[in-house]
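This report concerns only the one structure given below.
The values are calculated or read from the model by the stated rules, or taken from the named source; none is laboratory data. Worth saying up front: this structure is predicted, and the values here are computed from it rather than measured. As a convention, Cβ positions derive from the backbone with ideal geometry for all residues, glycine included, and neighbour counts pool all protein chains shown.
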Amino acid sequence: MASNSEDRRSVPLDKRLIETVRRYWDLGFISFGGPGVHVVILRKRFVDRLQWVDETTFTDLFSLGNALPGPGSTQLAFSLALVRNGTLAGFLAFLIWSLPGAAGMAALGAGVRDFPERLPPIVLALLTGLNAAAVGLIALAAYQLSKAAITDSITRLLVLGSASFGICYHAPWMYPVLVVAGGLATLIYDVGYRRLASYKLRRARAPVSSTSAPVATEALSVDANTQDIELEPIESKHTVAAEHAQHRRASTASITSTNLPAHEMTTNTAPANSAPSTMRQRGSASVEPSHSAPRAVAEEAVPERSSPLMVLNRKLAIVSGTLFAVFIVVILVVRSQLDDPPRALDFFTNMVIAGVIIFGGGPVVVPLLRGYTVDNGWVESRDFLLGFAILQAFPGPNFNFAVYLGVLSLPSNPAFGAVLGWLGIFSPGILLKLALLPLYHTWRKHAVAVSVLRGLNAAAVGLVYTAVWQLFLVGYIYTSSNPSAASSSASMSGPLTSDPFWGVVASAAFVASQWFKAPPAVTIAGGALAGMAWFGVVGEAGVTRQQLW
């Protein structure tokens, strides 16, 4: 496990930067599949293998990334390097993570105008195969994240509810509302559970001092049938009198009390979501805690973890938050004061707005970016669709799509447009994350933060399922043969249900990565090969049809 924070700060900066490069250099080239898959890749490397952070810190950073605007997986990659090796290392990791895919999307934007209006059918089949494989990988990511996020009945319902709302409704404002609602739901649930547990514990302990032990045992067994009372770990040094004093205070105290009424945490460094394996009540036999008990109830205060959190100090965090606010206000005011703003400023402002108001990751940003570019006449509808389809074949964050759109929106200076798109869409989320990470570092030990983050994580995982559905609806790329279509030769998109074979490709991608440990890049390439094989069977008729949806 990583050393403590003081030890990390004593490591010279150059060594910390070199370590960051060693661990990140390849991620910008192999991180295929979209944000959901990126989270799994990052967890396997930095939690399971390198142990830069523990599981709880990782899920908290993931939740915070989804609760803030901007690309969630990119913020997670940035945060992991930052809390391990400092702010400069975080920026270095961000560059390594995003630039390879951004360069590829810029090159695609420079060449897409030279593509023929009617692409060869085998190319459309290949793009559809890429999309189908991506659907399988994102579904796998949602499944794996759900196993970690679902800790009890309330988090299970939050994952289901968040996914259901995200699939049925697509308003951009709804995603932050769902994530915040998830945090509030677990907080309210844990408050009620804690009060109920305190009441049951006081009733169970009352006979201990005046009656025989079997009475207490009987009361305890009744509680275990509902949700077991969390009992004191063996390592606790509290006396029975101190415990009773805590119980009396907890029965009337709010959620912000410092100590649990029933127990205190041990000092080991196990992840906070795993309950102590050996629990006992004074004067009674050992009892295992129920796995269905909420994590926040089992932990009133999370112990300081060994994972380093080398965040900014409070003054610099305030500066970062101020820069974020000033940056947004200045950009919006300047554009509003110009009767005919230059296209470069107009485009940059649109990308900044997208970076501020988009929650939920890459698939959510695509409809908004279409409105900001295609509806303004800067980008052709066909070019937008092709860029989105080919995006699945590129590694790195889906927000690199803004680089592609910048090249197309500013044809007189495509390199400048690419830089504006990249800076505009990424900078708001990074600045805001820098400002808020110190707050997380301070408050993550408190029960309120633990409880809220548990709900944020569950709701954020539910939104990964919406990414599966959204890509599923637009994954099939074809050429319309409908005479009434605006352009009968232009490429269009539709759902993957157009042919059952695409469901097979998505399922095969899921199985190959989950049980045969195929890397995402290999799985994506397999989807492309499957698309070409499909074309070899169905021929041109398979990708030229009337629009039936």
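Yes or no, residue by residue, for (1) at pLDDT 90 or above; (2) surrounded by fewer than 18 Cβ atoms within 10 Å (Cβ to Cβ):
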{"position": "300", "(1), (2)": "no, no"}
{"position": "322", "(1), (2)": "yes, yes"}
{"position": "325", "(1), (2)": "yes, yes"}
{"position": "343", "(1), (2)": "yes, yes"}
{"position": "349", "(1), (2)": "yes, no"}
{"position": "353", "(1), (2)": "no, no"}
- Determine, yes or no, whether residue 489 is at pLDDT below 80, among the polar types (S, T, N, Q), under 27 Å from residue 127 (Cα atoms) and in contact with a strand residue (DSSP E or B) (Cβ under 8 Å, 6 or more places away or on another chain). yes
Given the conditions (1) within 28 Å of residue 160 (Cα to Cα); (2) at pLDDT 90 or above, every one holds for residue 425 apart from (1)
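Look at residue 456 and say whether it is surrounded by 24 or more Cβ atoms within 10 Å (Cβ to Cβ) and either assigned by TED's automatic domain parsing to the domain that holds residue 75 or in a loop (DSSP other than H, G, I, E, B) (or both).
On the way: surrounded by 24 or more Cβ atoms within 10 Å (Cβ to Cβ): yes; either assigned by TED's automatic domain parsing to the domain that holds residue 75 or in a loop (DSSP other than H, G, I, E, B) (or both): yes.
Yes: the conditions hold for residue 456.
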Condition set farther than 14 Å from residue 397 by Cβ and in contact with a Lys or Arg (Cβ under 9 Å, 6 or more places away or on another chain), scope the range 62-78, selection modelled with the highest pLDDT: answer is 62
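Taking the criterion of being closer than 15 Å to residue 397 by Cβ, within 17 Å of the chain's Cα centre (by Cα) and touching a residue at least 60 places away in the same chain (Cβ under 8 Å), would at least one residue in the range 44-57 satisfy it?
Residues of the range 44-57 closer than 15 Å to residue 397 by Cβ: none.
No, the conditions are met nowhere in the range 44-57.
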Residue count, the range 147-161, condition modelled with pLDDT under 90 and in a helix (DSSP H, G or I), comes to 3
Flagged in the range 141-166 as among the aliphatic types (A, V, I, L, M), surrounded by 17 or more Cβ atoms within 10 Å (Cβ to Cβ) and more than 14 Å from the chain's Cα centre (by Cα), in numbering order, are 150, 154, 158
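This table checks each residue for (1) over 25 Å from residue 438 (Cβ atoms); (2) in a helix (DSSP H, G or I).
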position	(1), (2)
22	yes, yes
57	no, yes
69	no, no
80	no, yes
Of the conditions (1) buried (at least 22 other Cβ atoms within 10 Å of the Cβ); (2) aromatic (Phe, Trp, Tyr); (3) more than 30 Å from residue 415 (Cβ to Cβ), the single one that residue 97 does not satisfy is (3)
Among 67, 107, 102, the single one that is in the same structural domain as residue 35 (by TED's automatic domain parsing), among the aliphatic types (A, V, I, L, M), without any contact (Cβ under 8 Å) to a residue 40 or more places away in the chain and over 21 Å from residue 50 (Cα atoms) is 107
Listed by first then second residue, the pairs whose first member lies in the range 181-195 and is closer than 14 Å to residue 456 by Cβ, whose partner is of a type in the set (D, E, K, R) and in a helix (DSSP H, G or I), with beta carbons under 6 Å and at least 6 positions apart or on separate chains, are 186/454
Considering the range 386-413, residues that are over 25 Å from the mean Cα position of the chain (by Cα) and surrounded by 21 or more Cβ atoms within 10 Å (Cβ to Cβ), and then whichever is farthest from residue 123 (Cα to Cα), we arrive at 410
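Just to be sure before I move on: is residue 88 assigned by TED's automatic domain parsing to the domain that holds residue 17 and without any contact (Cβ under 8 Å) to a residue 24 or more places away in the chain in the structure I sent?
Details: assigned by TED's automatic domain parsing to the domain that holds residue 17: yes; without any contact (Cβ under 8 Å) to a residue 24 or more places away in the chain: no.
It is false that residue 88 is assigned by TED's automatic domain parsing to the domain that holds residue 17 and without any contact (Cβ under 8 Å) to a residue 24 or more places away in the chain.
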